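J.: Before we start, here is the structure in question, set down as structure tokens.
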Amino acid sequence: MKKAIVILTVFLTAMTYAQEQKQIPQINVSGEGKIKVTPDKILVSIGVENVGKDATEVKKLNDETVDKVIKFIKKFGIPTADYQTTNVSLNRTYDYDKKKYNFQASQSIIITLRDITKYDSLMMGLVDNGINNIGNVEFQSSKIEEYKSAARKEAMKEAKRKAEDYVSVLGQKVGKALLISDASTAYYPQPMYKEMRTMAAVDSAPQETLAVGEIEVTANVTVSFLLE
């Protein structure tokens, strides 16, 4: 009899607890914010590479070219903080067709150009001074954090608009946010410098070799709103 009473007591306690833990009326929605920005700076990855039979000669030739390139970068007016060597290598390679060994020396430099209008003159000067490898061109904005913040706010606004649309037909209102999940990302278009030299146009118009485009800064959120 006592055992039955204990079981009944536990059951009634559980029922009471379940009633107290009522499900909170809420709505889960996602929102996206997009900000399109015109880039104001470029990161250019360039390289110098030489191949030959003698390691010392190849290294010397590569160093001489790099010296010319760095002197040109300084003369062009690029601040010291805006260019940096990212890789230096000297490798022994084997040519299977000619069945002989060669040595390959290379060095990579990344340059931050803060005046996009000077891109063509910079690249032509670099080519004239001996670079033979352009690894990548990446567009960036000096105000990217401001644009990320703006995109996040737009994402939250869209999430709230969605929630209000859904509950408007139910006679309810959107309350405070219970949970916010952020998954913000930024996308940078990265066109390559396709052609080092082109013939001048017949009308001698300024040469345009770079499509700047736009940076699209995107923020995505998932929000749980309380329903009132």
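The values are calculated or read from the model by the stated rules, or taken from the named source; none is laboratory data. The model shown is predicted, which means the values in this text are computed figures rather than measured ones. When we count neighbours, we look across all protein chains shown, and the Cβ atoms used for this are built from the backbone with ideal geometry, even at glycine. Surface accessibility is based on the protein's heavy atoms, side chains included, excluding ligands, DNA and RNA. Shrake-Rupley method; radii C 1.70, N 1.55, O 1.52, S 1.80 Å.
J.: Hey, Lys118 hits all of (1) touching a helix residue (DSSP H, G or I) at 6+ places or on another chain (Cβ under 9 Å); (2) assigned to a helix (DSSP H, G or I); (3) modelled with pLDDT of 95 or more but one; which does it fall short on?
T.: Result: Lys118 passes all but (3).
J.: Residues being surrounded by 15 or more Cβ atoms within 10 Å (Cβ to Cβ) and not in a strand (DSSP E or B): count how many of those fall in segment 133-143.
T.: Qualifying residue count, segment 133-143: 1.
J.: Let me ask something additional. Within segment 123-132, is even one residue touching a strand residue (DSSP E or B) at 6+ places or on another chain (Cβ under 7 Å), open to solvent by less than 70 Å² (accessible area, probe 1.4 Å) and not in a helix (DSSP H, G or I)?
T.: Taking every residue of segment 123-132 in turn, at least one turns out to be touching a strand residue (DSSP E or B) at 6+ places or on another chain (Cβ under 7 Å), open to solvent by less than 70 Å² (accessible area, probe 1.4 Å) and not in a helix (DSSP H, G or I).
J.: Still on this structure, I have one more. Looking at Glu146, is it in a helix (DSSP H, G or I) and either closer than 30 Å to Val37 by Cα or polar (S, T, N, Q) (or both)?
T.: yes
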